[in-house]
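Structure record follows, encoded as structure tokens.
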Amino acid sequence: MRSRLLLTPLLVSALLTGCQTVTTKENTATVDTTHPAPKPKNQATTAESKQAPNSSSKVKQPVSNNLWDITRDNFTLNDEAQHDAVTIQINWYKKYPRHMRRVTENASRYYHYVLNEVLKRDLPAEIALLPAVESMYDPDAYSSGHAVGIWQFIPSTAKYLGIKRSQWYDGRKDIIDSTKTALDYLEKLNQRFDGDWLLTFAAYNAGGGTISKAMRKNREAGLPTDYWSLSLPKETRLYVPRILALASFVRTPEAFDMHLPAIPNEPYFKVVNTSQQLSIPEAAKLAKTRRAELELLNPGLLELMTDPTGPHRLLIPAKKAETFKLALLEKPAHSPTQWVRYKVRTGDSLSALAARFGTKVKDIQEANEMTSSHLRVGKSLLIPETTSLAKANLAVPSNLAASTTEISQYRVKQGDTLWRIANQYGIAVATLARWNNMQPADPIKIGEQLRIGELPSLARDEADALRRIGYRVQSGDSLSVIADRYNIRVADIREWNNLSGNNMIKAGQQLTLFIDEG
């Protein structure tokens with residue numbers, strides 16, 4: 001995956017406690033395991049360079065309750081860690097120990113689940129460290145190339161691999177779906193590169209085509225085609241050594257004066273099937289747990305509720321799962337709800353909206369984390385609506401955001417900021433940034449055109465596959481030369497940069513381009 005290469009200098013000293021265990025059984029209500037992780041066979045890095053079995057890789061009886069023991073017992077790329085490039089990364093990581101705290105927060109809920117999913121497939125345990133380099137185990141990590149989730153899938157790759165994305169749900173951020181897809185993809189890449197895991201990791205970062213091209217170039221020049229011998233992009237040259245550096249910390253923490261707190265081999269969450277659309281606020285009530293905890297466990301839910309078309313499941317803290325299941329069974333079956341997006345207009349009040357949609361004022365407040373009854377015109381609200389009332393309301397109000405397809409353009413004026421513009425339209429800065437293929441922190445300039453409104457699904461898929469870049473005009477450049485270089489149209493460059501037909505570009509001028517990321 002192309003990513004920001006978010007660095008995790010000492011992942012191994014980061015993951016403190018409370019990770020979840022792999023799910024191996026599934027019944028109609030819950031997926032749960034309390035069994036220790038399986039032990040895979042040792043695997044070679046390549047057909048030419050096989051790893052000698054490590055004495056520490058033998059199964060220990062009983063299986064350790066410390067996940068780090070299980071992790072190091074299942075490493076298979078030990079010999080590769082002796083490379084100079086790995087040593088450089090180890091030394092680099094050691095300079096930044098403060099990253100530990102952030103990684104601990106991010107990974108504590110997810111690492112054990114990922115590790116066990118890896119081992120269930122008899123894959124090298126080093127794979128469980130990929131998200132540490134990709135995203136710092138942060139499911140909300142977002143790159144300039146629109147990659148998101150702990151495995152950092154870009155939109156085009158997600159579409160190619162069949163990851164579900166909708167108004168309600170993004171499987172790239174979902175821990176269950178993204179992990180399954182990532183492991184499927186890694187296995188496919190590993191087959192393509194004849195079992196060589198270093199080439200597999202490199203292909204995951206740079207793309208299989210990039211690695212194959214580098215190998216072909218070496219082969220034609222009579223050079224070796226192993227990872228260390230290839231001429232690769234700088235990001236990829238750093239990516240693989242970073243994974244191996246983190247593995248070195250786990251393998252021999254004492255060599256780096258590092259204490260690894262034991263991570264219990266027990267589930268952090270259970271997967272509970274809800275059978276219907278359910279909101280995070282309502283689920284938190286039923287489970288008697290914090291809403292914030294459910295949001296962290298279910299980052300793929302974009303609207304704080306399950307997708308109406310599924311998957312109908314929630315990750316619930318293991319200690320609260322039984323409470324949640326019982327409450328779910330007792331939930332009245334005669335009052336199903338669906339959720340709508342509503343844009344506040346002049347004259348609206350919470351009590352009027354509650355009556356209109358057959359719900360309660362407090363339910364609207366809780367769903368939108370409101371601390372008062374004050375409404376701002378243009379603000380978008382999530383409102384629970386009883387199904388029977390929804391069927392009766394056949395005429396959808398024009399200010400329901402879910403039904404709004406109109407798209408307009410806004411020209412940036414002096415003094416404008418993304419926050420100011422977003423506030424003017426009653427939307428979040430992140431939403432405005434997403435509509436325009438940019439990040440919330442990206443600068444805007446006077447005269448720039450911003451899109452206001454969500455593209456239709458097909459156009460959105462196309463736009464999502466583009467990456468916004470800044471380009472500094474070089475001597476000898478023309479709009480047609482730049483267009484040919486990036487396989488884009490001159491007309492698009494003019495539109496993106498507010499250039500008329502008479503405008504000339506000059507060396508040093510900064511242009512904004514949207515290039516194909518696929």
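The values are calculated or read from the model by the stated rules, or taken from the named source; none is laboratory data. Nothing here was measured: the structure is a model prediction, and the numbers come from that model. Virtual Cβ from ideal backbone geometry, glycine too; neighbours counted across all protein chains shown.
Worth a mention:
- Residue satisfying condition, being over 26 Å from Arg313 (Cα atoms), in contact with a Lys or Arg (Cβ under 8 Å, 6 or more places away or on another chain), in the same structural domain as Ser231 (by TED's automatic domain parsing) and in contact (Cβ under 8 Å) with a residue 12 or more places away in the chain, within set Asp177, Asp196, Asp122, Asp140: Asp122
- Inter-residue pairs, beta-carbon under 7 Å, first hydrophobic (A, V, I, L, M, F, W, C) and in segment 219-241, second in a loop (DSSP other than H, G, I, E, B), 6+ apart: Trp228/His83; Leu238/Leu5
- Qualifying residue in segment 451-466 (condition: modelled with pLDDT of 80 or more and crowded, with 17+ Cβ neighbours inside 10 Å): yes
- Taking (1) within 29 Å of the chain's Cα centre (by Cα); (2) in a helix (DSSP H, G or I) in turn, Asp194 satisfies each apart from (2).
- Taking the criterion of being surrounded by 24 or more Cβ atoms within 10 Å (Cβ to Cβ) and of a type in the set (A, V, I, L, M), the residues of segment 164-197 that qualify are Ile175, Ala182.
- Filtered by the rule that a residue be buried (at least 18 other Cβ atoms within 10 Å of the Cβ) and among the hydrophobic types (A, V, I, L, M, F, W, C), segment 413-443 gives Leu418, Ile421, Ala422, Ile427, Leu432, Ala433, Trp435, Met438.
- Selected residue (only one of Ser351, Ser388 is modelled with pLDDT of 80 or more and either within 28 Å of the chain's Cα centre (by Cα) or more than 29 Å from Leu432 (Cβ to Cβ) (or both)): Ser351
- Matching residues, segment 366-378, being under 18 Å from Ser279 (Cβ atoms) and surrounded by 15 or more Cβ atoms within 10 Å (Cβ to Cβ): Glu366, Ala367, Asn368, Met370
- Restricting Asp442, Asp484 to residues that are modelled with pLDDT under 80, among the acidic types (Asp, Glu) and within 30 Å of the chain's Cα centre (by Cα) narrows the list to Asp442.
- Yes/no for Lys270 being surrounded by fewer than 17 Cβ atoms within 10 Å (Cβ to Cβ) and more than 30 Å from Tyr93 (Cα to Cα): no
- Which numbered condition Leu115 misses (of (1) closer than 30 Å to Leu230 by Cβ; (2) part of a loop (DSSP other than H, G, I, E, B)): (2)
- Residue within segment 303-316 that is farther than 22 Å from Gln167 by Cα, of a type in the set (A, V, I, L, M) and in contact with an Asp or Glu (Cβ under 8 Å, 6 or more places away or on another chain) present: no
Residues are listed down the side, and each one gets a yes or a no for (1) over 19 Å from Ile383 (Cβ atoms); (2) surrounded by 21 or more Cβ atoms within 10 Å (Cβ to Cβ):
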position: Arg290; (1), (2): yes, no
position: Glu293; (1), (2): yes, no
position: Pro308; (1), (2): no, no
position: Pro311; (1), (2): yes, no
position: Thr323; (1), (2): yes, no
position: Leu326; (1), (2): yes, no
position: Ser351; (1), (2): no, no
position: Phe357; (1), (2): no, yes
position: Ile364; (1), (2): no, yes
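- Count of residues meeting criterion [buried (at least 21 other Cβ atoms within 10 Å of the Cβ) and part of a helix (DSSP H, G or I)] in segment 208-246: 12
- Tally of residues being outside any loop (DSSP other than H, G, I, E, B) and either aliphatic (A, V, I, L, M) or closer than 14 Å to Ala182 by Cβ (or both) across segment 121-158: 15
- Whether a residue is within 25 Å of Met438 (Cα to Cα), at pLDDT 95 or above, of a type outside the set (A, V, I, L, M) and in a helix (DSSP H, G or I) was assessed, and Tyr204 passes this test.
- Hits in segment 270-308 - residues which are in contact (Cβ under 8 Å) with a residue 60 or more places away in the chain, out of contact with any His (no Cβ under 9 Å at 6 or more places or on another chain) and more than 17 Å from Asp363 (Cβ to Cβ): Lys270, Val271, Val272, Leu296, Leu297, Asn298, Pro299, Gly300, Leu301, Leu302, Asp307, Pro308
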